[in-house]
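> Sending over a structure as structure tokens; questions will come in a sec.
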Amino acid sequence: MSAAAKSFSNANAQFTRAEAAARFILKKTRLRPKIALVLGSGLGAFADEFVSATRIPYAKIPHFPRSTAIGHAGQLVIGKVDGIEVAAMQGRIHLYEGYSPQEVVFPIRVFSRMGVKSVILTNAAGGIKKELTQGRLVVISDHINLQGANPLRGPNSDKFGPRFPDMTNAYDKKYRELTLAAGVRLGIDLAEGVYAALAGPSYETPAEIRYLRSIGADLVGMSTAPEVIAARHSGLRTLGISCVTNAAAGVLDQPLNHKEVLETAERVKSQFIGLLRAVIPLIAAAL
Ligand code: HPA
């Protein structure tokens with residue numbers, strides 16, 4: 001086989017693997033979710049509340065990468081939230097774990113092959129903008145991908161989507177508006193902001209945070225951008241919600257640690273879950 005033919009078949013192998021994983025998952029449940037969630041660091045508890053739930057450890061799903069990060073359970077949960085069928089990743093896959101960008105977005109591609117139409121991505125993030133203080137929930141308006149990687153690099157599989165996908169409205173405007181409106185109704189002081197994605201796993205230096213602020217970033221984290229790129233490639237609509245678990249490096253005169261990230265996520269858990277519960281029916285109605 002020529003080199004060109006080989007790389008083409010690799011691109012299509014991704015598609016075949018995603019289809020196999022999707023078929024495996026759908027055989028385990030009668031539910032057919034159109035909405036999927038990716039629950040970030042310390043934010044996985046929501047999936048414990050699903051009704052009629054099927055839980056599948058990532059390790060059991062063909063071709064699925066395993067989550068190694070602390071605060072990530074590493075299972076797919078399919079169930080119902082107030083009667084609406086949803087699938088959730090209880091723990092995501094990060095680039096810093098050593099996975100390739102393609103592996104990081106594999107679950108998103110599986111969702112698309114399962115018939116999912118919309119993905120809600122959540123994450124823990126550092127607050128760069130002064131108002132984005134610890135515990136604040138933020139609707140992501142856009143991202144700046146500084147991971148030095150793009151999951152679409154390499155031969156394109158046209159079966160997933162186009163070579164050059166548009167990212168103009170990557171974080172769906174309608175979803176952002178309905179989430180902000182839900183926040184008002186629930187009395188949650190939601191903000192909106194631009195998320196800068198870095199590869200990690202070291203936290204940023206204060207100089208890097210000053211740089212990120214100057215280029216228009218309000219939040220910083222180590223995830224979400226690759227998944228949104230893959231989701232948009234496959235035509236899925238996306239909503240991103242960050243939980244500000246700490247002030248970004250140098251904003252306050254104190255060091256950062258993962259314990260603080262998990263503790264803050266735990267503190268805002270019920271508010272966060274309340275928001276997701278309010279938003280899911282609105283997204284379902286707008287599918
Ligand atoms: N930087 C990067 N990622 C993060 C942070 C941070 O300050 N907080 C939570 N995830």
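> Here are some residues: 117, 130. Which one is among the basic types (Lys, Arg) and at pLDDT 95 or above? Break it down stepwise before answering.
Working: 130 fails: at pLDDT 95 or above.
Every option except 117 fails the conditions.
> Go through (1) surrounded by 22 or more Cβ atoms within 10 Å (Cβ to Cβ); (2) over 21 Å from residue 259 (Cα atoms) and name the single condition residue 85 misses.
(1)
> Also: Suppose the filter is of a type in the set (Lys, Arg), at negative phi and exposed (fewer than 14 other Cβ atoms within 10 Å of the Cβ); does residue 269 pass it?
When the stated conditions are applied, residue 269 does not pass them.
> Oh, and also: Can you tell me which residue in the range 194-235 is farthest from the ligand (Cβ to nearest atom), limited to those that are outside any helix (DSSP H, G or I), buried (at least 18 other Cβ atoms within 10 Å of the Cβ) and not hydrophobic (A, V, I, L, M, F, W, C)?
So, considering only residues that are outside any helix (DSSP H, G or I), buried (at least 18 other Cβ atoms within 10 Å of the Cβ) and not hydrophobic (A, V, I, L, M, F, W, C), the one farthest from the ligand (Cβ to nearest atom) is 234.
> List the residue pairs whose Cβ atoms are under 9 Å apart, where the first residue sits in the range 159-180 and is over 22 Å from residue 144 (Cβ atoms) and buried (at least 20 other Cβ atoms within 10 Å of the Cβ), the second is among the aromatic types (Phe, Trp, Tyr) and at pLDDT below 95, and the two are 6 or more positions apart or on different chains.
160/15
> So, one more: Suppose the filter is assigned to a helix (DSSP H, G or I), surrounded by 15 or more Cβ atoms within 10 Å (Cβ to Cβ) and of a type outside the set (Gly, Ala, Ser); does residue 185 pass it?
So residue 185 fails the test.
> Taking strands (runs of 3 or more DSSP E) that fall entirely within the range 34-134, which contain at least 3 residues that are within 14 Å of the ligand (Cβ to nearest atom)?
118-127
> Within the range 62-92, can you find the residues that are of a type in the set (Val, Ile, Thr) and at pLDDT 90 or above?
Across the range 62-92, the qualifying residues are 77, 78, 81, 84, 86.
> State the number of residues belonging to the range 236-266 that are buried (at least 17 other Cβ atoms within 10 Å of the Cβ), more than 10 Å from the ligand (Cβ to nearest atom) and aliphatic (A, V, I, L, M).
Within the range 236-266, residues that are buried (at least 17 other Cβ atoms within 10 Å of the Cβ), more than 10 Å from the ligand (Cβ to nearest atom) and aliphatic (A, V, I, L, M) number 3.
> Somewhere in the range 278-287, is a residue buried (at least 18 other Cβ atoms within 10 Å of the Cβ), touching a residue at least 40 places away in the same chain (Cβ under 8 Å) and within 14 Å of the ligand (Cβ to nearest atom)?
Looking for residues that are buried (at least 18 other Cβ atoms within 10 Å of the Cβ), touching a residue at least 40 places away in the same chain (Cβ under 8 Å) and within 14 Å of the ligand (Cβ to nearest atom), one finds none in the range 278-287, hence no.
> Could you tell me which of the residues 178, 262, 252 is among the aliphatic types (A, V, I, L, M) and at pLDDT 95 or above?
178 is the lone residue from the list that is among the aliphatic types (A, V, I, L, M) and at pLDDT 95 or above.
> Further, regarding this structure: Is there any pair linking a residue in the range 31-52 that is closer than 12 Å to residue 269 by Cα and touching a residue at least 40 places away in the same chain (Cβ under 8 Å) to one that is charged (D, E, K, R) and crowded, with 24+ Cβ neighbours inside 10 Å, with Cβ under 9 Å and at least six apart or on different chains, and which?
Here the result reads 39/92; 40/92; 41/92, each pair linking the range 31-52 to a residue that is charged (D, E, K, R) and crowded, with 24+ Cβ neighbours inside 10 Å.
The values are calculated or read from the model by the stated rules, or taken from the named source; none is laboratory data. Values in this document were obtained by computation on a predicted structure and should not be read as measured data. Please note: Cβ atoms are built from the backbone with ideal geometry, for glycine as well, and neighbour counts cover all protein chains shown.
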